[in-house]
Every structure is written in C-alpha cells, then in structure tokens.
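Reading through the structure tokens given below for one structure.
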Amino acid sequence: AQKITQTQPGMFVQEKEAVTLDCTYDTSDPSYGLFWYKQPSSGEMIFLIYQGSYDQQNATEGRYSLNFQKARKSANLVISASQLGDSAMYFCAMRESGNTPLVFGKGTRLSVIA
Amino acid sequence: GAVVSQHPSRVICKSGTSVKIECRSLDFQATTMFWYRQFPKQSLMLMATSNEGSKATYEQGVEKDKFLINHASLTLSTLTVTSAHPEDSSFYICSASRDLISSFGQGTRLTVV
C-alpha cells in the first residue's frame, strides 16, 4: 500500500504568490516524521522542513510552512512569496519510528512563472 | 545538520564493467545508511539499507549480487554496481540520518554505454 500520496504531478504559481503542495500519508505507527525535500534539476535533495507526529504546532522554516492535519493524515507544504528559484521537484516523505528509511511520494513539479 | 558527501557525481562506464560509488558522513557517525535509486521523472526508491559491520538489507527485487554494498566504517558506505548494463543507468543517492533529519549525498548519475 502506498504510504505517501502526492496527487499533483505538476503545479504552476505566479511569482510572489503562495502555493500549497498536497501530501497525504498512511501509517499505523504512532511515532513518525514527515519531511519535505526540494530536488532541483541537479538532483540534490534539499531538506526543507520537518514535522513530528507529536508536534503540537505546525512547522515553519522561513517561507516554508507545513500544514499538518493529523486526523486527516495530511502534511501539505505551503510556500509563500514564490520565487523563480523555487521551480523544482518537491517530494513529501515519511519515516516511521526507529532508524528506518524515508518513504517518498511521487513528487510534484512546481513551476514558478514570472 | 548532518553532512553527507557522495562521489562521483557523474560517471559513464562501458557495459560489463563495475562502478563504485562512495558515500561518506563527514561530521557524524552513521551506523546506518540508505541507498536509493531514481529513474528519470520518478521518485526515489529504496534499494538497500547499509549497516556498519554487517550485511546490507536489500529491498525486494534488488539483486544483491549486482549491487554490492559495503559499510566497513561508521563514516563510509560504498555501492558497487557490478557488470553494469545500460538498464542500470540511473541516479543513485545515499542518505544517512542524524537525530531526526535525513541528509542526502549529492547523488551519482550513472550512464552505462
């Protein structure tokens, strides 16, 4: 069963606007972490933001915020004030408890338009 | 945060030859590292879990004799693609975790001709 679902293969956003990238997840482990990574065309995986399952508040990192809705099992990424350099693939990922690997969604390609 | 270094970043090899990819944790000791493969326009798929001092654990469908993983020290894991074929051409990337955050190497783009 797919554990991470990203339903938006591609998204367009106007420069300086905000955009939300969707992510839902599925796990029976009460302890887990949710991650968002940015992958530009160079291939490197750039860590953006982390949300722990027990965190009471939504995570924020600069222009990135994570809209964590635990009951709905969603962890959407919000990018505010989009910049041209934000154009890239974005992956949502989850890691369950213990030293376990990340499981990735299929990704969303974000294109920022001037 | 944790720093992971991977090299080479890009390699072209002839069919039938072997290629070794190195993954180093620079500022921490990683008892476990993960190797992923990413085909064009697809997501990262876990290949294997590399455990320091013991055998790697491979995901279903990944040939352990073809993708040799060695984790001889707490800071170095290597992936060797043996007898490479064009279908092995892909982007290979390693990851290690420190505390809660997973850090990735820069990735290796392998082209087998």
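Please treat every number below as a calculation from the coordinates, not as lab data. Given the structure is predicted, the values throughout are model-derived calculations rather than measurements. Cβ coordinates were reconstructed from backbone atoms using ideal geometry, including for glycine residues, and neighbour counts include every protein chain displayed.
Inspect region B:91-113 for any residue being more than 29 Å from A:P9 (Cα to Cα), loosely packed, with under 14 Cβ neighbours inside 10 Å and among the hydrophobic types (A, V, I, L, M, F, W, C) and give the result as yes or no. Looking for residues that are more than 29 Å from A:P9 (Cα to Cα), loosely packed, with under 14 Cβ neighbours inside 10 Å and among the hydrophobic types (A, V, I, L, M, F, W, C), one finds at least one in region B:91-113, hence yes.
When A:F47, A:F35 are screened for being within 11 Å of chain B (Cβ to nearest Cβ), aromatic (F, W, Y) and surrounded by fewer than 18 Cβ atoms within 10 Å (Cβ to Cβ), only A:F47 passes.
Among the criteria (1) crowded, with 16+ Cβ neighbours inside 10 Å; (2) within 29 Å of A:Y32 (Cα to Cα); (3) in contact with a Ser or Thr (Cβ under 8 Å, 6 or more places away or on another chain), the one B:V81 does not fulfil is (2).
Taking B:K64, is it assigned to a loop (DSSP other than H, G, I, E, B), more than 19 Å from B:V3 (Cα to Cα), without any contact (Cβ under 8 Å) to a residue 12 or more places away in the chain and more than 14 Å from chain A (Cβ to nearest Cβ)? Here the answer is no, as B:K64 does not meet what is asked. Selection over region A:90-108 of residues that are more than 9 Å from every other protein chain (Cβ to nearest Cβ) and charged (D, E, K, R) gives a count of 1. Annotation note: of A:D55, A:D29, the sole residue that is within 11 Å of chain B (Cβ to nearest Cβ) and assigned to a loop (DSSP other than H, G, I, E, B) is A:D55. The residues of region A:77-106 that are out of contact with any Phe, Trp or Tyr (no Cβ under 8 Å at 6 or more places or on another chain) and either assigned to a strand (DSSP E or B) or at positive phi (or both), listed by number, are A:A81, A:A88, A:M89, A:G98, A:V103.
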